[in-house]
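Shown next, in structure tokens, is the structure this report addresses.
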Amino acid sequence: MIRINQKNILHFTRYYHSITGIYGNFRLKTLDQQHQQQQQTVKSDQNKLSFADQLIRQAFQRRGHELARLNPLARDDPSSSVEMSEIGSILGVDLNRYLNSVNESEETSVKSRQQFVGQLFAQYCGNGLSYEFSHLESMEEIEWFEQTIESINNKNNNNNQQQIDNDRIRIATSLLQAEAFDHYLAKKFQSIKRYGGEGAETMITFVEELIRCSQNGSTIKELVIGMPHRGRLNLLVNTLNVRPEIIFRKMTGKAEFNINDRSFIGDVLSHIYTSTEFGKTDEKQPLTVTLLPNPSHLEVAGTMASGFVRGRMMENTEGPYDHERNSRMERIPIQIHGDASFTGQGIVAETLTFSNVDHWTTGGSIHLIVNNQIGYTMPGRSGQARSTRYASDPMKSISAPIIHVAGDRPESVTKAAQIAFDYRNRFGKDVAIDLVCFRRWGHNELDDATFTNPVQVKSILKRNETIPREYARSIGMSDQDVQSVLNEYNERLNRALANSEQYEPPRSSDLYDRSKSWNGIEWPSLDMITKWKTTVDVERLKMIGSMAVNVPNNFNLHQTVKRVFNDRARKIQQNDGMDWATVESLAFGSLLADGFNVRLAGQDIGRGTFSQRHAMIVDQTSEDIFVPLNSLRDQPNYGQAGSIELGNSILSEEAVLAYEYGLSIANGKCLPIWEAQFGDFFNCAQSIVDTLISSGDAKWRLQSALTLLLPHGYDGAGPEHTSARLERFLQNSDSYQTKIDSDCVNWSVSYPTTPAQYFHLLRRQMIRPYRRPLIVMAPKMLLRHPKAVSRLSDLSDQSDCPKHFQPVLDDPIHIGGGKLDSIRSVIFCSGKHYYTLEQERERRSLNQSIALIRLEQLVPFPVEDIVRVLKRYHSNSERSLRWSQEEHRNMGAWNFVDERFRSIIGRQLSYCGREELSAPAVGIGQRHQAEIVQLLNDTFKTNN
């Protein structure tokens, strides 16, 4: 639609939405009413000011932050003070003219104007606070900020003096304990890297103020924190009530969980996590605060926190998942960043980009940038650690406000937290706090910062007092008062240290204690590979099939999609050969019918990269969208059915995959699927695969059902868009090389060749009583291959077909007990390469002498199934065993399979395939075709 506004500026609006809302994007019924109310209640006092006063006020609002002196290390520098003559120059206004151009007829005076300027200075760049909000696109938000900033002191002055004094003592005590904890660890564990928070202790003040705000009259139910290493131990013990014994045990080399089996490896000290309940009292409402685990790759945890919150909202049918459209987004992601990593790590920009995107928003994150003015050893200033003025400048890309605050002003930090909390809850958007502080020691306590930052270190050492002691003195605490706090706290730590040897840590994560969706979830068997019944009643499948192609009346469906839907309906009803996408819709629908939710995320996944899925349809006139499978819950006897969410993502892989992992560990009743546009797109998210998906369970004892669909196959597309790098996922598995696997592997890796196998794989993810990631080498060519089809009988329990996923598929032309004496070669393969071999075998008239065996699952490695098949072909001692693959020799499954055949099965395979290559595939069409000829000749040659 094209419309012209009052300024004759063209705006192109694509109405790509559902009028009534769809699952994962339901709009609040009261949204318009709230919007109108905000417009009525948020009014500026601007009209009461003269035109000249308004200009000065706006100048402070736009550029007052440039006048603020927030750096604790430069507070005593004479050059840091600002004279009145300089203010106008920085603000870009003629301040002298403003002060001296008072007419006699005006009621104002030079003195009153000076007072007005002083008042604006105090409000917008004094008292350890400054703001950036004039860039916001909404006048509502700008006016709200004006009113909030100019009334924040009045708000706090409304408290009685006793309450103010109590709050100050509480803040001082918390800061003193934070400092004491770091000092205690430094004394008792001198050689341990603890990444202390000294110099940035008020980050604890900030988080504790958010907790206080959440419990005092708000609707917030949960805060989910994603943060890196700096100050983490302090937050765990002093704010989130983690037993100090756990920290002390970990520092002496012991495990954080009481688990002795091979599957648990633990993680480093600075990655410990927890979930804490702050109980209901007469004055406070209950609140859950969850600190998620983090990898050492910076900024990943914040994105995980957003996904975790989304998963918790889905689990509790809140916000965009509320069919009744009544509930709000009552869980807040708290993303804590370092200044250098916030501007340096690309995942930050990706996460900000989808913060306001349908199916990805969480109603706003609160970002705390712990700006210690250094990135590892790089000075954290513009021109060195970044190209922007402030570390917080990336927030402007999403029209988010920024609050700058001095890290040595605890009460200013609490005000910043209050403003951020109120803004997020009112407008449902991200907001950032730039906490200007410093780092007392090097990158860690064993690091010497003077090598690269001698001047900064000298500035730190020149400080007469630490931030906690300075604040305690400023509020009137005596040395005796301070020492009393420290003595009591240190005695508590001493008791914990003495008890740490006898203390038994928990057996599992307390995250599961806060989530109903993990009830009944078990741990996988250490002894065997279990087969789970995944078939579905045929009548239920037909019903699901009809819903999958259900189109509302008067919906203008694309003609091609209409033909596809008609074809699907016919094949389901006639039990004809169904293609990949049709069977996928049955798998999704059957999981919904069982009460599970499904979330499919990725780039244009509603349609599908290859125009195969069409799980979401778009009205060709209105662009209204409809998800047919979600009409299942409206049918009789399906009222408890789950829903499918189709989260078309931004063009991102790293942040999207980290987000989906966070969602997966939050919600055990949802099947989260990420589909890459092409298999190698996961390359951009390699750190997420390595540090979260493949190892999260082993490190953190957190299960995940996250499923990756990676389109894979050699079809002449060139070095990229060909390979999903199967070999990397095999290398990242903890499958045994010399003994038989069990269910207890870090993930499953499969390369299914039929829609039915894919159906059983997806259902197995949720039917079995534990959760494991699944890596699927997904099809491209097989999506429409005439032989890659399945019937309802392959999916249902009303036939003699297997009732579960089959890790190994025997050759269909040699099943049935016929004579096998004529077979001279058994060729093992995996994936769509089977169909190439099958066609070539028939062309060469070798059906009776060659058996083709498919390994549909590579992890866990199906030794028993392979041995069972091999026994059928054992009578001919001259029979050769071959492995054929389309990938190059240094890629694919060859090295993985060869080692296990030799070490476990005791048989030698010969390799048939392409030779080694530096890239996944060649980019010359003629060479690609020549490789195919060579590969097939090698596979079917007489002597091998």
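If a/c stays under 1.5 just call it rounded; otherwise compare a/b with b/c (prolate if a/b is bigger, oblate if not). Do that for segment 156-516, with a ≥ b ≥ c from the square roots of the Cα gyration tensor eigenvalues. Present the calculation step by step, with values, prior to reporting the outcome.
Details: a/c = 1.25, a/b = 1.14, b/c = 1.09.
Rounded, because the longest to shortest axis ratio a/c is under 1.5.
So how tilted is helix 559-574 from the main axis of the chain? Cα-based, degrees 0 to 90, rounded to 10.
It is inclined by approximately 50 degrees.
Return, ordered by residue number, the residues of segment 844-869 whose backbone nitrogen is under 13 Å from a label point located 7 Å along Cα→Cβ of Arg907.
Under cut-off, by backbone N: 851-855, 862-869.
Rank these for me by crowding, Leu600, Leu917, going from fewest to most other beta carbons within 10 Å. The partial results should precede the final answer.
Details: Leu600 24, Leu917 15.
Taking fewest neighbouring Cβ atoms as first place, the list is Leu917, Leu600.
To make sure I understand, if each residue's beta carbon is the centre and we count other beta carbons within 10 Å, what order do Tyr751, Tyr131 fall in, fewest to most? Numbers along the way, then the final one.
Working: Tyr751 28, Tyr131 24.
So the ranking, lowest neighbour count to highest, is Tyr131, Tyr751.
Hey, what angle do you get for helix 110-125 against the long axis of the chain, alpha-carbon based, 0 to 90 degrees rounded to 10?
With rounding to tens, the tilt is 30 degrees.
Between Arg492 and Asp604, what length comes free when the chain is fully extended (0.36 nm per residue of separation minus the Cα-Cα distance, one decimal in nm)?
34.8 nm
Just want the ordering: Lys669, Lys542, Lys111, from fewest to most Cβ atoms lying within 10 Å of their own Cβ.
On the way: Lys669 22, Lys542 17, Lys111 10.
The most exposed by this proxy come first: Lys111, Lys542, Lys669.
Beta carbons within 10 angstrom, averaged per residue: use that to sort the peptides 178-189, 201-212, highest first. List each step's numbers first, then the result.
Values: 178-189: 19.5, 201-212: 24.8.
Going from most to least packed, we get 201-212, 178-189.
List residues of segment 811-833, by number, whose backbone nitrogen lies under 20 Å from a label position 7 Å along Cα→C-beta of Lys531.
Inside the label zone: 811-818, 829-831.
So which lysines pass the test for Lys531, namely a Cα distance under 30 Å, with those fewer than 8 places away in the same chain ruled out?
Correct list for Lys531: Lys516, Lys542, Lys571, Lys669, Lys699, Lys739, Lys780, Lys787, Lys803, Lys819, Lys832, Lys871.
With a ≥ b ≥ c taken as the square roots of the eigenvalues of the C-alpha gyration tensor of segment 408-489, please select rounded if a/c is under 1.5 and otherwise prolate if a/b is larger than b/c or oblate if it is not?
Working: a/c = 2.49, a/b = 1.23, b/c = 2.02.
Oblate, since a/c reaches 1.5 and b/c is not below a/b.
Note the full-extension length gain between Val538 and Ser218 as 0.36 nm times their separation in residues minus their Cα-Cα distance, in nm to one decimal. Before the final figure, lay out the partial values.
Working: separation 320, 0.36 × 320 = 115.20 nm, distance 4.93 nm.
Gain on stretching Val538 to Ser218: 110.3 nm.
Given a Förster distance of 30 angstrom, what is the FRET efficiency for Ala930 paired with Asp898, based on the Cβ-Cβ distance and rounded to 0.05? Before the final figure, lay out the partial values.
Numbers: r = 25 Å, r/R0 = 0.84.
My answer for the efficiency is 0.75.
Under 14 Å from a point 7 Å along the Cα-to-Cβ line of Asp690: which residues of segment 295-311 have their amide N that close?
Within reach of a label on Asp690, which here means backbone N under 14 Å from a point 7 Å along Cα→Cβ, segment 295-311 contributes 295-298.
Sequence-distant or interchain residues sharing an amide H contact under 5 Å with Val598, placed H: which?
Ser643, Ile644, Glu645, Leu671
If you project the alpha carbons of segment 273-339 onto the principal axes, what extent comes out on each, in Å, largest first?
39, 32, 20
Classify segment 808-940 from the C-alpha gyration tensor, please: rounded if a/c falls under 1.5, else prolate or oblate depending on whether a/b exceeds b/c. The partial results should precede the final answer.
Numbers: a/c = 2.06, a/b = 1.34, b/c = 1.54.
Taking the square roots of the gyration eigenvalues as a ≥ b ≥ c, segment 808-940 is oblate.
Could you order the peptides 645-652, 282-289 from most to least packed, using the average number of other C-beta atoms within 10 Å per residue? Show your work: numbers first, answer last.
Values: 645-652: 20.6, 282-289: 14.9.
Output ranking for 645-652, 282-289: 645-652, 282-289.
Ranked highest first by the average count of other Cβ atoms within 10 Å around their residues, in what order do 497-507, 676-686 fall? All intermediate terms of the calculation are to be shown ahead of the outcome.
Numbers: 497-507: 13.4, 676-686: 20.5.
Top to bottom by mean Cβ count within 10 Å: 676-686, 497-507.
For Rg/Rh (Cα atoms, Kirkwood Rh), the choices are (1) 0.94; (2) 1.06; (3) 1.02; which was calculated from the structure?
So the structure-derived entry is (3).
Any chance you could tell me what percent of the C-alpha pair distances in segment 664-823 go past 19 Å?
61 percent
Test of understanding: what is the full-extension gain from Leu846 to Arg97, defined as 0.36 nm times their sequence separation minus their Cα-Cα distance?
Numbers: separation 749, 0.36 × 749 = 269.64 nm, distance 9.77 nm.
Additional length available on full extension: 259.9 nm.
On a straight-distance basis, which lysines could pair with Lys396 in a cross-link, Cα separation under 22 angstrom, same-chain partners fewer than 8 positions away excluded?
Filter leaves Lys415, Lys429.
What spacing in nm lies between the two simple spin-label points modelled at Arg473 and Ala186, each 7 Å away from Cα in the Cβ direction?
1.7 nm
Give me a comma-separated list of calculated 3J(HN,Hα) values for segment 897-904, in order, Karplus coefficients 6.51, -1.76, 1.60 applied at θ = phi - 60°, integers in Hz, x for any Gly or Pro.
6, 4, 4, 6, 4, 6, 7, 9
I want to check the label-to-label distance for Gln620 and Asn890. Put each point 7 Å from Cα in the C-beta direction and report it in nm to one decimal.
Distance between label points: 5.1 nm.
Lys and Arg at +1, Asp and Glu at -1: add these up for the other residues within a Cβ distance under 9 Å of Gln612 and post the number.
Values: positive: Arg607, Arg613, Arg784; negative: Asp579, Glu584.
Within the 9 Å Cβ shell, the charges total +1.
Read-outs: derived from the displayed coordinates by stated rules, not from any lab. None of the values given here were measured: they were computed from a predicted structure. So basically every Cβ, Gly included, is an ideal-geometry build from the backbone, and we count neighbours across all protein chains shown.
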